[in-house]
Amino acid sequence: NYPVMIQDVHDNGFKIFTYMDAVGGRPVPEVHRRLRGLGLWKAKLDGTMTWSYHHFMVPPHLEAGPLHWRNMHGFVLRGAVAPFDTLSWEAYREGYDDARYLATLQNAIDQCRATGSQLGLITDVETWIDNVPTDVDLNSWRRQMATKTEALLAPEGYGD
C-alpha cells in the first residue's frame with residue numbers, strides 16, 4: 001500500500017522523505033548507498049535524512065570506536081583533531097551522487113525533448129531507466145548513466 005500512499009502525498013502537492021532507513025551509524029554501507037540513490041528513485045521518494053551526522057549524546061570518554069553500541073546513530077566518529085568518517089557515511093554520499101547522476105540524465109532527456117532532438121534515443125534511455133533492477137551494480141549503473149547523458153547531449157549523428 002506504500003506506493004498508493006506516496007502517490008497520494010504527491011497528488012496533494014507535498015514531498016515525502018525517508019528518515020532513519022538504516023540508522024546512520026549502522027555498518028551497512030551497501031544499504032546506505034542503495035537506499036539513498038536508486039532506492040529513493042524506485043520508491044518515488046523525494047529525499048532522505050538520517051538521525052545525525054554524529055550522535056551528540058555520547059560523552060567523549062565513552063566513545064570506543066565504530067563498534068561501540070553508543071556510536072550507532074552517527075555517520076562520523078570523534079577524533080582527537082577532527083571527526084573522521086565511516087564507510088557508511090561514504091556510502092550515503094555515494095548514494096547522493098548516484099541520485100545526482102540520475103537527475104542529470106533526466107535533465108538531458110528533458111532538454112532533448114524540449115528541442116525535439118534525439119527522440120529515438122530518448123525512448124531507448126527511458127526504457128532502460130524504467131527497467132533498471134534494484135540489485136544493479138551501482139558503479140556500472142552510474143557509468144551507464146554518464147554514457148547515456150553524454151549521448152543525449154551530443155549533436156545528433158555525432159560518433160556515427
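Each of Val136 and Asn12 was given a label point 7 Å from its Cα along the Cα-to-Cβ line. The distance between the two points is 3.2 nm.
Across all C-alpha atoms in the stretch 72-160, the radius of gyration and Dmax reach 17.8, 57 Å.
Note on Lys42: aspartates and glutamates with a C-alpha under 13 Å away, same-chain residues under 8 apart excluded, are Asp98, Asp130, Asp135.
Leaving out ligands, DNA and RNA, what percent of the accessible area of the stretch 96-151 is carbon and sulfur, probe 1.4 Å? Before the final figure, lay out the partial values.
Values: 1560 of 3260 Å².
Roughly 48 percent of what the probe reaches on the stretch 96-151 is carbon or sulfur.
Assuming 0.36 nm per residue, please report the length gained on full extension of the stretch Asp85 to Leu153 beyond their Cα-Cα distance. Write out the running numbers ahead of the final one.
On the way: separation 68, 0.36 × 68 = 24.48 nm, distance 3.59 nm.
That pair, Asp85 and Leu153, stretches by 20.9 nm at full extension.
If a spin label sat at a point 7 angstrom from the Cα of Lys42 along the line to its beta carbon, the backbone N atoms of the stretch 71-115 nearer than 16 Å would be those of 95-96, 98-99, 102. Centre-to-centre separation between the Cα atoms of the stretch 107-160 and those of the stretch 87-105: 18 Å. In the assembled protein chains, Leu87 presents an accessible area of approximately 130 Å² (probe radius 1.4 Å). In the full protein context, the stretch 8-48 carries 56 Å² of accessible surface per residue, based on a 1.4 Å probe and ignoring ligands, DNA and RNA.
In square angstrom, what is the accessible area per residue of the stretch 69-149 with a 1.4 angstrom probe?
Working: 4640 Å² over 81 residues.
For the stretch 69-149, the per-residue accessible area is 57 Å².
Close amide H pairs (under 5 Å, H built 1.01 Å from N) link Thr48 with Thr18, residues at least 5 positions away or on another chain.
The values are calculated or read from the model by the stated rules, or taken from the named source; none is laboratory data. Since the model is a prediction, treat every value here as computed from it, not as a measurement. We place every Cβ from the backbone using ideal geometry, glycine too, and count neighbours over all the protein chains shown. Each accessible area value is taken on the protein alone, full model and side chains, heavy atoms only, with ligands, DNA and RNA left out. Shrake-Rupley method; radii C 1.70, N 1.55, O 1.52, S 1.80 Å.
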